[in-house]
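Student: Just passing along the structure, written as structure tokens.
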Amino acid sequence: MSRKRKVGILGATGMVGQRFIQLLANHPWFEVAWLAASDRSAGKKYTDAMRWNLDTPMPARIAEMHISPAHPEGAPRTIFAALDSQTAHEIEPLFAAAGCGVISNSSAFRMHADVPLVVPEVNGESLTMLERQAWRKGAGGYIVTNPNCSAIGLVLALKPLELAFGIESVQVTTMQAVSGAGYPGVASLDILGNVVPFIPSEEEKLEAETLKLLGHAVRGDWHPLNAKISATCNRVPVEDGHMESVNVKLKKAATREQIVAAWENFAPLAGQDLPTAPAHPLEYDAAKDRPQPRLDRMRGNGMTATIGRLRPCTIFDWKFTVLSHNTIRGAAGAAVLNAEMLLKLGLLDEAARREEVHA
């Protein structure tokens, strides 16, 4: 890149906002130039407005930046958004209408017909849907989303199986880390030594988003996968890393060796040189007791999903376990990878060009 693109972060003080800062601190293509958060944080230095919760130091340059109000005036043309759904529903369209490309981690617009819901390895071609958005046709802005943190690991594991064998039905039970609830998240007396078998709206999002992600385009419209899926979601006392037990019924018979080969050969982004893309989006671990969150969540710098325990299922065809890092691969890292893919496809450049014209 001849120069770095200036980017902003909406919701910069939250857990996902902090992950954005961590992942973008030394990014070769993007430079954080603007931070925004709630009105109570606006005007403060970043270091004074929040509690840093990550295991790497807060970047010194970011610590001294002042937080702006969550309004598009003065914002860069590329925005990473880490807002709760209700706030995102109100604020993200304002930025898109002002000509900003909004790469969102929120669920607010994921299921809208003209908003791409994207995991680049799974359905990167759906990014072109953004050209149909009224915001894009107007000021050049748009909204692109990444899915729910539990959906990403699941669809990475399912996509190679859908390509090779077809999928008829899926049953998934999640064990989701407390960091998925943000900070301060779940009260310690509710989660320590306990499992909470309910996460509001999580099962519905996991089911709907998985089918959209595994779908396909027909004459410009995106159609969800024609399959059945049932999800059960649990919150467990793990800091980071969502684990999922998956049962799958395939349309074509497959051997264990064929399934493992499909996972190991899955590398749709190979050769594209996207900085955040892992060399291997999937890794199969043949050990009888893997994956485990503590041992495996940081594979591929937190962007690789780890699969293990593949074995026959007496009700479906096969069952296995998949683990992914929920705040990296499942949130901020997913959005950064989407932005890299947008830039690679030339879809980020309209907003950047307008920024240069008005500079």
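The values are calculated or read from the model by the stated rules, or taken from the named source; none is laboratory data. Since the structure is predicted, the reported quantities are computational estimates derived from the model, not experimental observations. Here Cβ is always computed from backbone atoms with ideal geometry, including for glycine, and neighbour counts include all displayed protein chains. Surface areas here come from the heavy atoms of the whole protein model, side chains and all, with no ligands, DNA or RNA. Shrake-Rupley method; radii C 1.70, N 1.55, O 1.52, S 1.80 Å.
Student: Considering Cα pairs under 8 angstrom that are at least six residues apart, work out the relative contact order of the chain and quote it in whole percent.
Tutor: Relative contact order for the chain comes out at 17 percent.
Student: Which percent, nearest 5, of DSSP beta bridges in region 38-192 are antiparallel?
Tutor: 10 percent
Student: What spacing in nm lies between the two simple spin-label points modelled at L310 and A60, each 7 Å away from Cα in the Cβ direction?
Tutor: Result for the modelled spin labels: 4.8 nm.
Student: Just how large is the dipole of region 139-233 about the Cα centre, in debye to the nearest 20, putting +1 at every Lys and Arg Cβ and -1 at every Asp and Glu Cβ?
Tutor: 220 debye
Student: Separate question: Over region 199-249, average the accessible area per residue using a 1.4 Å probe and give it in Å², no decimals.
Tutor: Averaged over the residues of region 199-249, the accessible area is 45 Å².
Student: Which lysines, if any, have their Cα less than 26 Å from the Cα of K249, not counting same-chain residues under 8 positions apart?
Tutor: Answer for K249, where 26 Å is the Cα cut-off: K159, K205, K212, K228, K288, K319, listed by chain and number.
Student: Oh, and also: In the chain, if the dipole is taken from +1 on Lys/Arg beta carbons and -1 on Asp/Glu beta carbons about the Cα centre, which of S41, N123, M65 is farthest to the positive end?
Tutor: Result: N123.
Student: Roughly how big is region 1-143's charge dipole about its Cα centre, with Cβ charges of +1 (Lys, Arg) and -1 (Asp, Glu), in debye to the nearest 20?
Tutor: Using Cβ point charges on Lys, Arg, Asp and Glu, region 1-143 gives about 360 debye.
Student: Around L206, under 13 Å between beta carbons, what's the net of Lys plus Arg minus Asp minus Glu among the other residues?
Tutor: Net of charged neighbours comes to -3.
Student: While we're here: Any idea of the accessible area per residue across region 83-129, 1.4 Å probe, to the nearest Å²?
Tutor: 32 Å²
Student: Moving on to the next point. With θ taken as phi - 60° and the coefficients 6.51, -1.76 and 1.60, list the Karplus ³J(HN,Hα) couplings across region 73-89 in order, rounded to whole Hz; mark glycine and proline as x.
Tutor: So the J values, rounded to whole Hz, are 4, x, 7, x, 7, 10, 10, 9, 10, 10, 10, 5, 4, 5, 5, 4, 4.
Student: Taking 51 Å as R0, compute the FRET efficiency from the Cβ-Cβ separation of H71 and A253 and round it to 0.05.
Tutor: According to the calculation, E is roughly 0.35.
Student: Under a 5 Å amide H to amide H cut-off, with H placed in plane at 1.01 Å, what residues pair with A70 once short-range neighbours are removed?
Tutor: Those qualifying (amide H under 5 Å, at least 5 residues apart or on another chain) are A37.
Student: Could you list log10 I(q)/I(0) for region 188-307 at q = 0.12, 0.16 Å⁻¹, which the Debye formula gives when each Cα is one point scatterer?
Tutor: Taken in order of the listed q values, log10 I(q)/I(0) reads -0.63, -1.13.
Student: At a 10 angstrom cut-off on C-beta neighbours, averaged per residue, how do the peptides 198-205, 141-148 rank from highest to lowest?
Tutor: Ranking the peptides 198-205, 141-148 by packing returns 141-148, 198-205.
Student: Among DSSP bridges having both ends in the chain, what percentage is antiparallel? Round to the nearest 5.
Tutor: Antiparallel bridges make up about 45 percent of those DSSP assigns within the chain.
Student: Compare C233, C313, C149 in a GNM of the chain, Cα atoms joined below 10 Å, and give the one with the largest fluctuation.
Tutor: Fluctuation is largest for C313.
Student: On to the next question. To the nearest 20 debye, what is the magnitude of the charge dipole of region 1-83 about its Cα centre, counting +1 on the Cβ of each Lys and Arg and -1 on the Cβ of each Asp and Glu?
Tutor: In total the dipole reaches around 200 debye.
Student: Still on this model: Net charge near M341, counting Lys/Arg +1 and Asp/Glu -1 over other residues with Cβ under 12 Å of its Cβ?
Tutor: Combined, the nearby Lys, Arg, Asp and Glu give -3.
Student: How big is the shadow of the Cα convex hull of region 140-232, averaged over all directions, in nm²?
Tutor: That works out to 8.3 nm².
Student: Leaving out ligands and nucleic acids, note down the accessible area per residue over region 250-359 with a 1.4 angstrom probe, in whole Å².
Tutor: Accessible area per residue, region 250-359: 46 Å².
Student: Report, in degrees rounded to the nearest 10, the 0 to 90 angle that the Cα long axis of helix 333-344 makes with the longest principal axis of the chain.
Tutor: That works out to roughly 70 degrees.
Student: Okay, next question. What are the residues whose amide H is under 5 Å from the amide H of S230, where those residues sit 5 or more places off or on another chain and H is modelled from the backbone?
Tutor: Counting only residues 5 or more places away or on other chains, the set is V170, Q171, V172.
Student: Right, another one. In degrees between 0 and 90, to the nearest 10, how far off the longest principal axis of the chain does helix 202-213 point, with axes built from Cα atoms?
Tutor: Here the helix axis deviates by roughly 90 degrees.
Student: Highest mean first, how do 5-13, 174-182 rank when packing is the count of other Cβ atoms within 10 Å averaged over residues?
Tutor: 5-13, 174-182
Student: Per the helix-only calculation at 222 nm, which mean residue ellipticity applies to the chain, given -39500 (n - 2.57) for every DSSP H run of n ≥ 4 and division by its residues, nearest 500 deg cm²/dmol?
Tutor: Result for the chain: -8000 deg cm²/dmol, rounded to the nearest 500.
Student: Among A305, P293, P224, whose Cα lies farthest out toward the positive end of the dipole of region 209-340, if unit charges sit on the beta carbon of Lys, Arg (+1) and Asp, Glu (-1)?
Tutor: P224
Student: Something else about it: Can you give me the % of accessible surface on the chain that is carbon or sulfur? Probe 1.4 Å, all protein chains present, nothing else counted.
Tutor: Carbon-and-sulfur percentage of accessible area, whole number: 51.
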